[in-house]
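Step one of this worksheet: look at the structure below.
The values are calculated or read from the model by the stated rules, or taken from the named source; none is laboratory data. Source: prediction; values computed, not measured. In this analysis, Cβ positions are derived from the backbone assuming ideal geometry, glycine residues included, and neighbour counts consider all displayed protein chains.
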Amino acid sequence: MNILVLGTGYVGTTTALALSEMGWHVTGLDMDSHKVQQLLQGKLHFYEPGLEPLLQKHLQSDNITFTTQADRSIQVSEIIFICVGTPPLPDGSADLHYVKQAARDIGRNMNGYKLIIIKSTVPIGTQEKMTEWVRSAQRQSHPFDIVSNPEFLREGKALSDALHPDRIVIGATNEQAAAAVQNLYLSLKCPVVITTPRNAELIKYAANAFLAMKISFINEMARLCDKVGINIKEVAQGIGLDPRIGNRFLQAGIGYGGSCFPKDVAALLSIAAEHGTELKLLKEVVSINETQHLHLMHSARTRLGNFMGTKIAVLGLAFKPDTDDIRESSAIRIVRALMAEGAQVAVHDPVAKLPPDVNDAAIICSSPSQALENADAVFLCTEWTIYQQLDWVHAKQLMKRTNIFDGRNVLDAKKMAELGYFYQGVGYR
Ligand code: UDX
């Protein structure tokens, strides 16, 4: 049986490879011939640990292939995963343009029953809309089911999340379709939630919104900690041991970024507004997050006087380690803010790059040491292991003034002070 994965972006490629690893034969479909060519040569068009060797393995054993031919690949596949992007529109709502296109392509090329599984993050009611889009594009009437099966992949850990999920959520309108989707994942050992498509659609948004809320909560507590001289890390440990709270996602810092939390929280706010209700708590979550980097900037300004004429090293640009993704990265916000206040900014990241509009204004460094040379302060913005393991004794000799502003609270405050640094984390020093 052939499974078609429509869209070979981050989610699509990971889903396709995870399905191959589970023993299914998979075809990845994408309109972008360059991407398809690259994938056929065993090369990924994005950075994600562990995926490329798996791609090469399954290409060699003929378990996976990629194509740009929509008509034929739809015709020969009974099961079709939709993994296209749902980028934010200017008002924060999700753009369903690609989903609609996919539904219409499937409808137009149908030659028998199809089980359509939507993995893309989509607003409540999209499964119903898709049913209409598929039906209206059909040339001849064929039966089909559309099941909502959201993904919960983390960048940098996508493969492990796909093969060892915490849960599988299946939103279907009938038992047979739910069972057929469940059957695809039989080799995975985890709880399965079988529910309605609408519930599944909201589960995805609510999960991300809750995690974003946890981060903004601890970040707001960290602001208080800085005022009253309390250590947020110990507070997080103390509350996190209560299993009702849990110790994960309580790492204070300069705020969350990435392609999911900011986009999905904005989409959820927009869904609520569309239905005439206001999610006040989530609005605060966003507002805390958007100003969180300023909190560390303020600490640095207090220490340095102002940034005019200073040289500042920024270590880490990605929104988190093990990815080259800079979307909504707090590090980029800090680079922009420092530049706006007259600092000369020297940046380093193992894989991520600055966006073009600020790239020319910064000093791009090939090593952390180069960025630290003659710096008045360093901002640690992404907790890559190389920064945590840096030789901070040697680094001290390179810097003009030994100030560390740790945006991820990953260095040991006491040790840094013993080495002679002025160290300030977020709610931690
Ligand atoms: C997230 C969800 O975790 C995943 O389930 C969903 O499918 C997609 O969105 P991702 O965006 O890859 O995954 O990253 P994640 O590891 O969740 O981190 C998101 C952001 O939150 C990062 O900027 C990270 O630095 C920040 N973060 C995370 C904190 O600031 N503190 C924490 O305690 C945890």
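Take the conditions closer than 21 Å to Ser299 by Cβ and small (Gly, Ala, Ser) and apply them to Ala346. Does it pass? Quick ask: steps written out before the conclusion?
On the way: closer than 21 Å to Ser299 by Cβ: yes; small (Gly, Ala, Ser): yes.
It is true that Ala346 is closer than 21 Å to Ser299 by Cβ and small (Gly, Ala, Ser).
Would a scan of region 260-279 turn up a residue that is in a loop (DSSP other than H, G, I, E, B), near the ligand (Cβ under 10 Å from one of its atoms) and within 30 Å of Ala158 (Cα to Cα)? Steps first, please.
Within region 260-279, the first condition is being in a loop (DSSP other than H, G, I, E, B), and the residues that meet it are 260, 275-279.
Cutting the leftovers down to near the ligand (Cβ under 10 Å from one of its atoms) gives us 260.
Within this subset, residues satisfying the condition of being within 30 Å of Ala158 (Cα to Cα) are 260.
The answer is yes; a qualifying residue exists.
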Legend entry - Criterion: hydrophobic (A, V, I, L, M, F, W, C) and within 27 Å of Val122 (Cβ to Cβ) - qualifying residue of Ala273, Ala222, Ala252: Ala273
Inset, instruction - Answer yes if at least one residue in region 242-249 is modelled with pLDDT of 95 or more, more than 9 Å from the ligand (Cβ to nearest atom) and either within 26 Å of Ala94 (Cα to Cα) or part of a helix (DSSP H, G or I) (or both), and no otherwise. - result: no
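Counting only residues that are among the polar types (S, T, N, Q) and out of contact with any Lys or Arg (no Cβ under 7 Å at 6 or more places or on another chain), which one in region 125-151 is nearest to Val169 (Cα to Cα)? Lay out the reasoning, then the answer.
First, the residues of region 125-151 that are among the polar types (S, T, N, Q): 126-127, 131, 136, 138, 140-141, 148-149.
Checking the rest, the ones that are also out of contact with any Lys or Arg (no Cβ under 7 Å at 6 or more places or on another chain) come to 126-127, 131, 136, 138, 140-141, 148.
On the way: Thr126: 16, Gln127: 14, Thr131: 19, Ser136: 28, Gln138: 28, Gln140: 31, Ser141: 29, Ser148: 8 Å.
So the residue we want is Ser148.
Which helices (runs of 4 or more DSSP H) sit wholly inside region 79-187 and have at least 2 residues that are free of Cβ contacts under 8 Å to residues at least 24 places away in the same chain?
Of the helices (runs of 4 or more DSSP H) lying wholly inside region 79-187, those with at least 2 residues that are free of Cβ contacts under 8 Å to residues at least 24 places away in the same chain span 97-108, 126-137, 175-184.
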Legend entry - Given (1) within 15 Å of the ligand (Cβ to nearest atom); (2) in a helix (DSSP H, G or I); (3) surrounded by fewer than 21 Cβ atoms within 10 Å (Cβ to Cβ); (4) in contact (Cβ under 8 Å) with a residue 24 or more places away in the chain, index of the condition Ile239 fails: (4)
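Looking at Ala313, Ala371, Ala361, which one is in a loop (DSSP other than H, G, I, E, B), more than 16 Å from the ligand (Cβ to nearest atom) and of a type outside the set (Phe, Trp, Tyr)?
Values: Ala313 fails: in a loop (DSSP other than H, G, I, E, B); Ala371 fails: in a loop (DSSP other than H, G, I, E, B).
Going through Ala313, Ala371, Ala361 in turn, just one is in a loop (DSSP other than H, G, I, E, B), more than 16 Å from the ligand (Cβ to nearest atom) and of a type outside the set (Phe, Trp, Tyr): Ala361.
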Inset, instruction - Looking only at region 286-295, decide whether some residue is more than 9 Å from the ligand (Cβ to nearest atom) and over 26 Å from Asn409 (Cβ atoms). - result: no
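One residue is enough: does region 50-71 have a residue meeting the conditions farther than 26 Å from Phe144 by Cβ, in a loop (DSSP other than H, G, I, E, B), in contact with a helix residue (DSSP H, G or I) (Cβ under 9 Å, 6 or more places away or on another chain) and not polar (S, T, N, Q)?
Within region 50-71, the subset farther than 26 Å from Phe144 by Cβ is 50-62.
Add one more test, that the residue is in a loop (DSSP other than H, G, I, E, B), and what stays is 50, 61-62.
Next, only the ones that are in contact with a helix residue (DSSP H, G or I) (Cβ under 9 Å, 6 or more places away or on another chain) stay: 50, 61.
When the remaining residues are screened for being not polar (S, T, N, Q), the result is 50.
For region 50-71, residues farther than 26 Å from Phe144 by Cβ, in a loop (DSSP other than H, G, I, E, B), in contact with a helix residue (DSSP H, G or I) (Cβ under 9 Å, 6 or more places away or on another chain) and not polar (S, T, N, Q): present.
Would you pick out the residues in region 374-400 that are under 19 Å from Ile334 (Cα atoms) and outside any strand (DSSP E or B)?
Ala375, Asp376, Cys381, Thr382, Glu383, Trp384, Tyr387
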Inset, instruction - Assess whether Phe319 counts as being within 24 Å of Leu224 (Cβ to Cβ) and of a type in the set (Phe, Trp, Tyr). - result: no
Inset, instruction - Out of the residues in region 143-169 that are in contact with a strand residue (DSSP E or B) (Cβ under 7 Å, 6 or more places away or on another chain) and more than 16 Å from the ligand (Cβ to nearest atom), state the one that is farthest from Ile203 (Cα to Cα). - result: Phe144
Legend entry - Output for region 89-99, where each listed residue is surrounded by fewer than 17 Cβ atoms within 10 Å (Cβ to Cβ) and not hydrophobic (A, V, I, L, M, F, W, C): Pro90, Asp91, Asp95, His97
Legend entry - Residue count, region 189-220 (criterion: over 18 Å from Ser148 (Cβ atoms) and more than 12 Å from the ligand (Cβ to nearest atom)): 2
